[in-house]
Amino acid sequence: IKHPLQNTWTLWFFKIESNRTWEDCQMEIASFETVEEFWALYNHIEPASRLKVGCDYSMFKKGIKPMWEDEGNRQGGRWLINLNKQQRATELDNFWLEVLLLMIGEAFEEHSDEVCGAVVNVRSKGDKIGVWTADVKKNDSIVRIGTVLKERLHIPLHVTIGFQAHKDTMVKSGSTAKNRFTV
Ligand code: M7G
């Protein structure tokens, strides 16, 4: 029996290669539209914690590339979860799977339409998970999505997560962009 998802999703893999632009290093792995296809794909790939430093996975709604420049992301931003170095071993794979399940399960209620996708960055200075939404002006949706994320990942109340506009992140390279929202 096939259990269709509300949306079709695409998994992407990023690994930087010399002589290639950042955009050209984003590789489309596969798209899926059922629960069974999701698990077949998920079980087939390396967990994020086993990727080489510098690599990313992204999962986005089909038709949206995992880039600021995409029409679907251009006006948007991301909820950013910063992990410390220890958390690669303890939390990264669990957080990433939970984010994927929240997205394919449309767990953000009526705000799920605002979700574009999510990215996991494996980095030596600390891994990151970003949940990308479509429009920085949709205050209520953004705050609700952040609240659901924080609850479902069991992020302690005293830990604050921030939402940044891609337009701010874009011009910041390296340092951190200011938070438009926090939960
Ligand atoms: P990162 O991989 O998001 O985080 O961005 P990191 O700094 O922890 O490695 C690293 C660099 O990748 C940015 O400074 C940009 O040069 C490039 N980059 C990242 N993103 C998400 C984009 C994007 O959406 N579009 C383009 N053109 N470059 C990006």
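Okay, here's what the table says:
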quantity: FRET efficiency, 1/(1 + (r/R0)^6) with R0 30 Å, evaluated for residue 19 and residue 143 via beta carbons; calculated: 0.10
quantity: Rg and Dmax [Cα atoms of the stretch 1-119; Å; Rg one decimal, Dmax integer]; calculated: 14.5, 45
quantity: Ordering of 155-161, 65-71, 17-23 by burial proxy (mean other Cβ atoms within 10 Å per residue, highest first); calculated: 65-71, 155-161, 17-23
quantity: Magnitude of the charge dipole, the chain, Cβ model with Lys/Arg +1 and Asp/Glu -1, debye to 20; calculated: 800
quantity: log₁₀ of I(q)/I(0) at q = 0.28 Å⁻¹ - the stretch 69-123, Debye sum with one point per alpha carbon; calculated: -1.18
quantity: C-alpha center-to-center spacing [the stretch 70-119, the stretch 120-183] in angstrom; calculated: 9
quantity: Residue-count net charge about residue 109 - beta-carbon cut-off 13 Å; Lys, Arg +1, Asp, Glu -1; calculated: -4
quantity: Candidate aspartates and glutamates - alpha carbon under 14 Å from residue 178, same-chain residues fewer than 8 apart omitted; calculated: 168
quantity: Lysine-lysine proximity count for the stretch 1-128, Cα under 23 Å, sequence distance 8 or more or distinct chains; calculated: 18
quantity: Compactness index (Cα Rg / 2.2 N^0.38 Å), the stretch 72-183; calculated: 0.99
quantity: Highest to lowest packing among 76-83, 47-54, scored as the average C-beta count within 10 Å; calculated: 76-83, 47-54
quantity: Residue-averaged [θ]222 nm for the chain, counting only DSSP H segments that reach four residues, each worth -39500 (n - 2.57); calculated: -7000 deg cm²/dmol
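Read-outs: derived from the displayed coordinates by stated rules, not from any lab. Being a predicted model, the structure only gives us computed values, none of them experimental. Cβ sites come from the backbone with ideal geometry, for glycine too, and all protein chains shown count toward neighbours.
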